[in-house]
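Inspection log for the structure reproduced underneath, given as structure tokens.
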Amino acid sequence: MGADNVNVLEVEHLQVQLKSRAGRIPLLEPLHFKLQKGHILGIVGESGSGKSLTCNAILRLLQPRHMEWLGTIRLNGYDLGTLSDQEMRKIRGKEIGCIMQNPMNAFTPVYTIGAQFVETLRTHTHISKQQAIQQATDALANMNLSDPHQVLKRYPFQLSGGMLQRVMIAISMCLKPSLLIADEPTTALDVVNQLQVLRELDRLRYECGTSILLVSHDLGVISQLADQVAVMYQGQIVEQGDIYQIFDHPQHKYTQMLLQSRPTITSGR
């Protein structure tokens with residue numbers, strides 16, 4: 001895992017600016033970070049610090065009428081900024097997987113899970129419908145979802161948030177993306193489902209060699225999975241390093257404040 005030190009993702013001088021009548025308003029200051037193959041980079045920070053905006057910039061999902069991004073984003077050495085919108089659509093899903101904060105928003109409510117799973121697989125691979133159904137069934141079974149055949153027949157609103165998160169991970173397991181962006185993947189989940197999702201993300205990186213950009217405001221989630229951590233505050237990365245360095249020897253005042261704000265359990269005696 002990551003023994004060859006290949007950088008799957010390289011972000012250099014990434015900036016996002018809001019277009020307004022008064023001119024350009026900076027939302028993201030120049031960001032710099034790299035992510036090696038099979039590694040997990042945790043991006044942590046309070047709400048509004050720019051975590052999701054960074055993800056959307058990498059995915060090129062910013063609305064060009066209102067926002068502009070500058071800088072360089074390379075995936076496996078290819079500059080994503082040089083790709084057309086059509087080429088970028090082919091990259092999303094196949095080379096860059098995504099697990100959204102609200103899983104219900106990731107699925108179309110009027111189509112079954114099976115229809116959307118199969119369409120996604122066939123869009124990015126050259127397999128038959130029957131092969132796609134079989135892959136989907138096997139992948140859901142590997143996610144410990146009971147009766148995967150019934151899951152495929154259901155609509156998104158008939159599944160819980162934790163089940164939908166695992167469906168998205170199952171799709172990623174089939175497509176084996178180079179990079180998975182997991183934006184607050186456990187926020188709306190109970191502790192049991194949260195643990196299951198984290199285990200499956202870890203399995204994805206070990207079995208498929210997928211690099212994961214894990215975004216969370218939950219320091220516990222970051223500490224369980226991440227190899228490297230980037231701390232964001234007011235649109236910029238104020239500190240980054242390996243997990244032990246950041247958690248054991250934080251240098252920036254904001255990082256120290258975040259770590260001190262973690263709830264602790266006392267015996268009460």
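FYI, it's all coordinate maths here, none of it is from the lab. These numbers were taken from a predicted model, which means no experiment stands behind them. As a convention, Cβ positions derive from the backbone with ideal geometry for all residues, glycine included, and neighbour counts pool all protein chains shown.
Some values worked out for this structure:
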quantity	calculated
Mean-position separation - Cα centroids, the range 97-114 and the range 126-145, in angstrom	17 Å
Gln131 versus Tyr206: modelled label distance in nm, points set 7 Å from Cα along the beta carbon direction	2.9 nm
Under 5 Å, built H, 5+ apart or other chain: amide partners of Ile43	Leu214, Val215, Ser216, Ala230
Inter-part distance where the range 20-82 and the range 196-229 are each reduced to a Cα centre, Å	19 Å
Selection from Ala115, His149, Gln245, by position along the positive dipole direction of the chain (Cβ)	Ala115
Tyr78-Gln158 FRET efficiency (beta carbon distance; Förster radius 30 Å; 0.05 resolution)	0.15
Residue-wise HN-Hα coupling along the range 34-44, computed from phi with Karplus coefficients 6.51, -1.76, 1.60 (Hz; x: Gly, Pro)	10, 9, 7, 4, x, 9, 10, 9, x, 10, 10
Under the Karplus curve 6.51 cos²θ - 1.76 cosθ + 1.60, θ = phi - 60°, whole-Hz ³J(HN,Hα) for the range 115-122, x wherever Gly or Pro sits	4, 6, 5, 5, 4, 5, 5, 6
Three-way shape label, the chain, alpha-carbon gyration tensor, a/c 1.5	oblate
Cα gyration tensor category, rounded, prolate or oblate, for the range 147-203 with a/c compared to 1.5	oblate
Antiparallel DSSP beta bridges within the chain, percent to nearest 5	60 percent
Rounded to 5, percent antiparallel among DSSP beta bridges of the range 139-269	55 percent
Sorted by Cβ neighbour density within 10 Å, fewest at the top, the residues Thr255, Thr125, Thr54	Thr125, Thr255, Thr54
Estimated vicinal HN-Hα couplings, Hz - the range 185-190 in sequence order (Karplus 6.51, -1.76, 1.60; Gly, Pro = x)	x, 10, 4, 9, 9, 6
Amide proton proximity set for Leu14, modelled H, under 5 Å, gap of 5+	Leu31, Thr72
Most fluctuating residue given options Arg166, Arg154, Arg205, as computed from a GNM of the chain linking Cα atoms under 10 Å	Arg154
Amide H contacts of Val8 (H built 1.01 Å from N, under 5 Å, at least 5 apart or other chain)	Leu35, Gln36, Lys37
Two-site label geometry, Ser47 and Leu18: point separation in nm, points 7 Å out along Cα→Cβ	1.6 nm
Summed residue charge, Cβ within 12 Å of Gln228's Cβ, Lys/Arg positive, Asp/Glu negative	-2
